[in-house]
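Student: I'd like to ask you about the structure that follows.
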Amino acid sequence: MTPSFFSADGLVGIIFLLMLAAALVGAIVAVTAKRLVRALAGLIVCFVGVAAMYFFLNSPFVSMMQILIYVGAIAVTIAFAIMLTAPGDKEQMGSRNILYGPIGFCCAALVTFGFAALALTTNWIPFAKINDGSVQEVGRQLLTTHVMVFELVSVMLLIAILGALAITIEGRRKRWKS
Amino acid sequence: MSLTLFNVLAAVIIIVIFVALNAAYLVWCERRGAGRIQRRPGPNINGPFGLLQPPLDGLKLMAKQLLIPGGADKALFITAPVLAMFPSVMSFFTIPFSDILVAHNINIGLICVLAFASLGTMSLFFAGWSSHNKYSMMAAIRAISQSVAYEIPMLITVITVVMISGSLDLREIVRQQSGNIFHWNIFPLFGNSHNLLMPFSFLIFFICSLAETNRAPFDLGEAESELVAGYHIEYGSMGFGLFFMGEYANIVVGACLGALLFLGGWACPFGLFPGVWWFIIKIYLLIATVIWIRWTFPRTTIYSLLNLSWKVLIPLSLFNLLFTAGLLKVF
């Protein structure tokens, strides 16, 4: 049954479609924009759209984490990188091989076709909810079943921080010597 | 389900009006407060006590032409002021004003508010970058480094509160503080916190919320009274107005979070009125403190600002986190 256009469900449906469009349009802008900042803006719109998809899939926690981590942290990091390296308003850097477009399009079409075929031919089993997806359950799973992954991720982040520090210190030493 | 289109629209309109009125009249409060502190009258001509000043200012700003500087990135230039206002409006859809007075309560309300608050940084970036102006660019770099630096101790302090209450639901956090004035999270030893450092965490949280909303003594990003206005130097008319209102709306969100997490939300210290009124009194007391601080303290420099966050607040809040975890394990 399709809900009436002028009801709460109808409004929810419209917002769902808008967010779906935001995710797609954002992704397209992120790839095709000539200015780096525009690409970042597209990426953020895409992140917000994906977060909304998670919200509609009944997992508000993941959706909020998507916004907090991807928009609040990763996009800001990219923004910092753009501002500090300051490529200015150079529209496009380097020339592009004329073949890249068609080849890329073929690859994308192939991947899309593969996923679509997979989705259509798979015999989908309606699956009962494993758990309630709440914060408590996510935390418990992280610290019991997936504790190895959890710890490895923190080790990886530590290595990244140390690597960044090492690179910076090396640069400073060179400056001191000269 | 009694959720109709009318209910949804009414909730949205009420929230937008609440935020806009608050932002407009806090500007008036701020100017009156500044006048009082500096021994001058402040805006008192238009209407009784100058109460007509904010709508008239709004009319003036809207009547002005929206200038877009040459070489600016048009789309981003127009988006940035909207993005400045958007997070605070979104935050109010999950901030509860009492046990029943909440637009939509979800059990991760706290994360929701913090996630939307983190969106505000992007508006600084877009405003600074799209203006095509060196000054706004430099100011944006400073403002973003400030808001990133202070987001970390703020989140760590919020985690200590969450550890004590064991919930991310704002209603549940308040419910645990109700009953007695000494159950509020800010008071040590009584209630469910048993943590000597709670007043101290409130201090960290308050400093961070001052810095996150770009208020004096941390308003280096704009310094509207002396320097050029920082990242929104190129904005005139309502574009500037939206940045200005966004700042005040963010202060309201910060005060709401402070009241909910540490001051017992709508828990009454002693009967008298229903809880909602107590919550509103607490919010406006916090906001009055923010205004008072702004007109009493001089501005810091960018180095001491960043040092305060990275070398003082972050280690202290991490220590606070470990201490709280230890106490929770022992008791």
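Student: Step by step: first the residues of the range B:95-120, then only those that are free of Cβ contacts under 8 Å to residues at least 60 places away in the same chain and assigned to a helix (DSSP H, G or I), then the one that is nearest to A:I67 (Cα to Cα). Which residue is that?
Tutor: That would be B:A115.
Student: Further question: Please identify the pairs in which a residue from the range A:7-21 that is at pLDDT 90 or above has its Cβ atom under 7 Å from the Cβ atom of a residue that is hydrophobic (A, V, I, L, M, F, W, C), counting only partners at least 6 apart or on another chain.
Tutor: Cβ pairs passing all conditions: A:F16/A:F56; A:M19/A:A52; A:M19/A:M53.
Student: Can I ask one more? Out of all the residues in the range A:68-78, is one or more in the same structural domain as A:R35 (by TED's automatic domain parsing), under 30 Å from A:L36 (Cβ atoms), surrounded by fewer than 13 Cβ atoms within 10 Å (Cβ to Cβ) and modelled with pLDDT under 80?
Tutor: Checked against the condition, which is being in the same structural domain as A:R35 (by TED's automatic domain parsing), under 30 Å from A:L36 (Cβ atoms), surrounded by fewer than 13 Cβ atoms within 10 Å (Cβ to Cβ) and modelled with pLDDT under 80, the range A:68-78 yields no hits at all.
Student: Could you run through the range A:16-42 and say how many residues are out of contact with any Cys (no Cβ under 9 Å at 6 or more places or on another chain) and surrounded by 14 or more Cβ atoms within 10 Å (Cβ to Cβ)?
Tutor: Looking only at that region, the number is 12.
Student: So, one more: For the subset of the range B:84-114 comprising residues that are small (G, A, S) and surrounded by fewer than 24 Cβ atoms within 10 Å (Cβ to Cβ), which member is nearest to B:T157 (Cα to Cα)?
Tutor: It comes out as B:S98.
Student: Show the residue pairs that are 6+ apart or on different chains and have beta-carbon atoms under 7 Å apart, the first residue being within the range B:11-35 and in contact (Cβ under 8 Å) with a residue 24 or more places away in the chain, the second being of a type in the set (S, T, Y).
Tutor: Listed pairs, sorted by first residue: B:V19/B:S88; B:N22/B:Y248; B:A23/B:Y248; B:L26/B:Y248; B:V27/B:Y248.
Student: Just to be sure, is B:S91 touching a Leu at 6+ places or on another chain (Cβ under 7 Å), within 14 Å of another protein chain (Cβ to nearest Cβ), at negative phi and among the small types (G, A, S)?
Tutor: It is false that B:S91 is touching a Leu at 6+ places or on another chain (Cβ under 7 Å), within 14 Å of another protein chain (Cβ to nearest Cβ), at negative phi and among the small types (G, A, S).
Student: Restricting attention to the range B:66-83, and to residues there that are surrounded by fewer than 19 Cβ atoms within 10 Å (Cβ to Cβ) and assigned to a helix (DSSP H, G or I), which single residue is nearest to the other protein chains (Cβ to nearest Cβ)? Can you show your working first?
Tutor: The initial filter retains those residues of the range B:66-83 that are surrounded by fewer than 19 Cβ atoms within 10 Å (Cβ to Cβ), namely B:66-72, B:74-75, B:78, B:82.
Narrowing the set further to residues that are assigned to a helix (DSSP H, G or I) leaves B:74-75, B:78, B:82.
Working: B:K74: 11, B:A75: 8, B:I78: 12, B:V82: 12 Å.
So the residue we want is B:A75.
Student: I'd like the residue in the range B:139-152 that is touching an Asp or Glu at 6+ places or on another chain (Cβ under 8 Å) and either among the small types (G, A, S) or over 17 Å from B:F116 (Cα atoms) (or both) and, out of all such residues, is surrounded by the most Cβ atoms within 10 Å (Cβ to Cβ). Explain how you work it out, then say what you get.
Tutor: The first filter runs over the range B:139-152 and keeps only residues touching an Asp or Glu at 6+ places or on another chain (Cβ under 8 Å), leaving B:139, B:143, B:147, B:150-151.
Now restrict to residues that are either among the small types (G, A, S) or over 17 Å from B:F116 (Cα atoms) (or both): B:139, B:143, B:147.
Values: B:A139: 26, B:A143: 24, B:S147: 23.
The qualifying residue surrounded by the most Cβ atoms within 10 Å (Cβ to Cβ) is B:A139.
Student: Also: Within the range B:161-179, restricting attention to residues that are closer than 14 Å to B:L257 by Cβ and in contact with a Leu (Cβ under 7 Å, 6 or more places away or on another chain), which residue is surrounded by the fewest Cβ atoms within 10 Å (Cβ to Cβ)?
Tutor: Per the criteria, the residue is B:V162.
Student: When you go through (1) at pLDDT 85 or above; (2) crowded, with 23+ Cβ neighbours inside 10 Å; (3) over 27 Å from B:V19 (Cα atoms) one by one for B:A255, which number turns out not to apply?
Tutor: So B:A255 meets the others, but not (3).
Student: Working only within the range B:151-172, note down all residues that are within 13 Å of chain A (Cβ to nearest Cβ) and of a type outside the set (D, E, K, R). Before the answer, list the steps.
Tutor: At the first step, the residues of the range B:151-172 found to be within 13 Å of chain A (Cβ to nearest Cβ) are B:151-152, B:154-155, B:158-159, B:162-163, B:165-169, B:172.
Of everything in the range B:151-172, those that are within 13 Å of chain A (Cβ to nearest Cβ) and of a type outside the set (D, E, K, R) turn out to be B:I152, B:M154, B:L155, B:V158, B:I159, B:V162, B:M163, B:S165, B:G166, B:S167, B:L168.
Student: Would you point out the residue of the range A:20-68, among those that are hydroxyl-bearing (S, T, Y) and in a helix (DSSP H, G or I), that is farthest from the other protein chains (Cβ to nearest Cβ)?
Tutor: In the first step, residues of the range A:20-68 are kept if they are hydroxyl-bearing (S, T, Y); the result is A:32, A:54, A:59, A:63.
Those left that are additionally in a helix (DSSP H, G or I): A:32, A:54, A:63.
Working: A:T32: 14, A:Y54: 12, A:S63: 9 Å.
Among those residues, the one meeting the criterion is A:T32.
Student: Taking only the range A:120-148 into account, find how many residues are surrounded by 10 or more Cβ atoms within 10 Å (Cβ to Cβ) and at pLDDT 90 or above.
Tutor: 1
Student: In the range B:94-123, what residues are more than 10 Å from chain A (Cβ to nearest Cβ) and under 22 Å from A:I44 (Cα atoms)?
Tutor: B:S123
Student: Sticking with this structure for a sec: Scan the range B:51-65 and give yes if some residue there is assigned to a loop (DSSP other than H, G, I, E, B) and more than 28 Å from B:A288 (Cα to Cα), otherwise no. Break it down into steps so the answer makes sense when it comes.
Tutor: Initially, the range B:51-65 is screened for residues assigned to a loop (DSSP other than H, G, I, E, B), giving B:51-52, B:64-65.
From what's left, more than 28 Å from B:A288 (Cα to Cα): B:64-65.
Yes.
Student: Moving on to the next point. Name the residue, out of B:W310, B:W266, that is touching a residue at least 60 places away in the same chain (Cβ under 8 Å) and either surrounded by fewer than 18 Cβ atoms within 10 Å (Cβ to Cβ) or over 20 Å from the mean Cα position of the chain (by Cα) (or both).
Tutor: B:W310
Student: Also, I was wondering about something else. Scan the range B:16-31 and tell me whether some residue there is within 14 Å of another protein chain (Cβ to nearest Cβ) and surrounded by 13 or more Cβ atoms within 10 Å (Cβ to Cβ).
Tutor: Checking the range B:16-31: not a single residue is within 14 Å of another protein chain (Cβ to nearest Cβ) and surrounded by 13 or more Cβ atoms within 10 Å (Cβ to Cβ).
Student: Further, regarding this structure: Got a number for residues in the range B:124-138 being more than 11 Å from chain A (Cβ to nearest Cβ) and either surrounded by 20 or more Cβ atoms within 10 Å (Cβ to Cβ) or in contact with a His (Cβ under 8 Å, 6 or more places away or on another chain) (or both)?
Tutor: Within the range B:124-138, the subset more than 11 Å from chain A (Cβ to nearest Cβ) is B:127, B:131, B:133, B:135-136.
Narrowing further to those that are either surrounded by 20 or more Cβ atoms within 10 Å (Cβ to Cβ) or in contact with a His (Cβ under 8 Å, 6 or more places away or on another chain) (or both): B:127, B:131, B:136.
Total satisfying the criteria: 3.
Student: Return only the number of the condition from (1) assigned to a helix (DSSP H, G or I); (2) facing chain A (nearest Cβ under 10 Å); (3) under 25 Å from B:I156 (Cβ atoms); (4) aliphatic (A, V, I, L, M) that B:A143 does not satisfy.
Tutor: Condition not satisfied by B:A143: (2).
Student: Let me ask you something else. For the range B:84-94, does any single residue satisfy the condition of being part of a helix (DSSP H, G or I) and aromatic (F, W, Y)?
Tutor: Pass one, the range B:84-94, residues part of a helix (DSSP H, G or I): B:84-91.
Checking the rest, the ones that are also aromatic (F, W, Y) come to B:86.
Yes, the range B:84-94 has at least one match.
Student: For B:V12, only one of the following conditions fails: (1) within 19 Å of B:M90 (Cβ to Cβ); (2) more than 14 Å from every other protein chain (Cβ to nearest Cβ). What is its number?
Tutor: (2)
The values are calculated or read from the model by the stated rules, or taken from the named source; none is laboratory data. Bear in mind the structure is a predicted one, so any value in this text is a computation, not a measurement. Backbone-built Cβ (ideal geometry, glycine too); neighbour counts: all protein chains shown.
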